[in-house]
Amino acid sequence: MKPADIIIRAEHILTMDRDLNVVRDGAIAVTDGKIVSIGPADEIARQYSAPEKLGGAATVAFPGLVNTHCHSPMVYFRGLADDLPLRDWLEKHIWPAEEKWLSPEFVADAVELACLEMLRGGVTFFCDMYFYGDAIATTVKRMGMRAVVAAGIVDFPTRTGRNADEYLEKAERFIRDWKGDGLVTPCAAPHSAYACCPDTLRKTKALTERHGVPLHIHLSETEWEVGELVSRFHSRPVIHLDSLGFLDSSATAAHCIWVDEEEIGILAKRGVGVAHCMESNLKLASGFAPVVPMLRAGVRVTFGTDGAASNNDLNMVSEMSTAARVHKAVAKDPTVLDARQVMLMATRWGAETFGMGGMTGSLEAGKAADIVIADLKKPHLLPLYDIYSHIVYSMDAADIDTVLVNGRVLLKGRRLTAGDESGIMERAAAWGKKIRG
């Protein structure tokens, strides 16, 4: 028998591979952080032995969920300002709070809480767009998660920079320091086409091309943004960015709510990934992204939670379920965004949109063991006819039992094994008292 580090057994294994294979009564052998074999449980048991065994009867294993747009430190602003239009929410509440409170210590502590929340919801990989990237990256690595960490860039002064040149300089330094890390992928993220002038956007694109790293941006999130770009540049946002040579397969655009047919065609042609943030868009009344037309045009649409200050959680299981239901109603077609499509968008497509599909996003031999195990012994999950349907339409984040990243068990029995769970929550409560005053 071949030695393995861990053997995971599950009643259902959703591989999310090219054929969307599902292994019934299956098992996964993990060695040195990678999946070495997947197959029927009796076959794996004959071939491999391991000191640690996870899963069991009435469980499902699937690839870790990928949150493609998040502002993780904003968990500390959860509930600070609600029921407001986006611009009022940002300009009158969130930006002033950030100006007062942001620091490396604040960010590091907040990211710990965000990682705990996401792990408990089956997220193994997320894209973060914020400031103090070193504090975020260091915390993510310590927590054992996988992340694309984007250095935020704007034209105006904040606590982290005086002008665009300073943000770009810091972004380049951050990229150089973190490029090649096993868990953290550095990225550059100009906030938006209205917060960054054409020169800043061109310089950011050149920066990412020099270093071969991803590019991330908010795009067409509100009607106001479209009007602003038309007023300034006589061009809608997607067309404006495309005219600058900004859009290609290295770019992931968050939201894309107010895009028209021509813009959807450009996104598809350029291979731009879209991070769809359904629940945040609903809460801020930003609108309904044309997800079905984008998918039909060939745009790779994935799911993001946005920040917990506007969602108000980082729950990808809920995000999937809400999006699947809402877009059926928007399209007046119950067949769109079926459960398999939604799972694909939340797993493999999420990894692929950042160029990491060869490493993670599906359960296949040779890929990283980024694996979620969920408990099916719940009243709301019985009886079971279609496992995809159960995950998308019936499962809660609380059903996630065990999470592995790179073969390391980070959550087991819903308890964090990669950090001090009580300490993380105590620090969050203490920060809340300070912010509340």
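Does A331 satisfy the criteria of being without any contact (Cβ under 8 Å) to a residue 60 or more places away in the chain and crowded, with 16+ Cβ neighbours inside 10 Å?
Spelling it out, A331 is indeed without any contact (Cβ under 8 Å) to a residue 60 or more places away in the chain and crowded, with 16+ Cβ neighbours inside 10 Å.
Here are some residues: E98, E91. Which one is of a type in the set (D, E) and surrounded by fewer than 19 Cβ atoms within 10 Å (Cβ to Cβ)? Answer to the check: E91. Cβ separations smaller than 7 Å between residues 6+ apart or across chains give the following pairs from the range 192-219 residues that are part of a helix (DSSP H, G or I) to residues that are of a type in the set (S, T, Y): T208/S250. Checking each residue in the range 38-80 for being under 23 Å from A108 (Cβ atoms) and not in a strand (DSSP E or B) picks out G64, H71, S72, P73, M74, V75, Y76, F77, R78, G79, L80.
The rows are residues; the columns are (1) loosely packed, with under 15 Cβ neighbours inside 10 Å; (2) farther than 20 Å from V342 by Cα; (3) within 23 Å of the chain's Cα centre (by Cα); (4) at pLDDT below 95.
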residue: V372; (1), (2), (3), (4): no, no, yes, no
residue: L384; (1), (2), (3), (4): yes, no, no, no
residue: V392; (1), (2), (3), (4): no, no, yes, no
residue: A397; (1), (2), (3), (4): no, no, yes, no
residue: V409; (1), (2), (3), (4): no, yes, yes, no
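Condition check: at positive phi, of a type outside the set (A, V, I, L, M, F, W, C) and surrounded by fewer than 18 Cβ atoms within 10 Å (Cβ to Cβ). Does R414 satisfy that? Spelling it out, R414 is indeed at positive phi, of a type outside the set (A, V, I, L, M, F, W, C) and surrounded by fewer than 18 Cβ atoms within 10 Å (Cβ to Cβ). Candidates are the residues of the range 162-179 that are touching a strand residue (DSSP E or B) at 6+ places or on another chain (Cβ under 8 Å) and farther than 15 Å from V213 by Cβ; the one that is surrounded by the fewest Cβ atoms within 10 Å (Cβ to Cβ) is A164. The requirement of being closer than 23 Å to V184 by Cβ, assigned by TED's automatic domain parsing to the domain that holds R18 and β-branched (V, I, T) is not satisfied by V392.
Output yes when any residue across the range 92-106 is modelled with pLDDT of 95 or more and β-branched (V, I, T), and no when none is. No - not one qualifying residue is present in the range 92-106. A single member of V238, V230 is closer than 22 Å to F288 by Cα, free of Cβ contacts under 8 Å to residues at least 12 places away in the same chain and not hydroxyl-bearing (S, T, Y), and it is V230. In the range 230-256, what count of residues is obtained for those that are hydrophobic (A, V, I, L, M, F, W, C) and surrounded by fewer than 23 Cβ atoms within 10 Å (Cβ to Cβ)? Of the residues in that region, 5 qualify.
Determine if the range 402-421 includes at least one residue that is under 18 Å from E319 (Cβ atoms) and touching a Gly at 6+ places or on another chain (Cβ under 9 Å). Checked the range 402-421: at least one residue is under 18 Å from E319 (Cβ atoms) and touching a Gly at 6+ places or on another chain (Cβ under 9 Å).
Taken together, the criteria place K141 among residues that are under 30 Å from R414 (Cβ atoms), surrounded by fewer than 21 Cβ atoms within 10 Å (Cβ to Cβ) and of a type outside the set (G, A, S).
The values are calculated or read from the model by the stated rules, or taken from the named source; none is laboratory data. Source: prediction; values computed, not measured. When we count neighbours, we look across all protein chains shown, and the Cβ atoms used for this are built from the backbone with ideal geometry, even at glycine.
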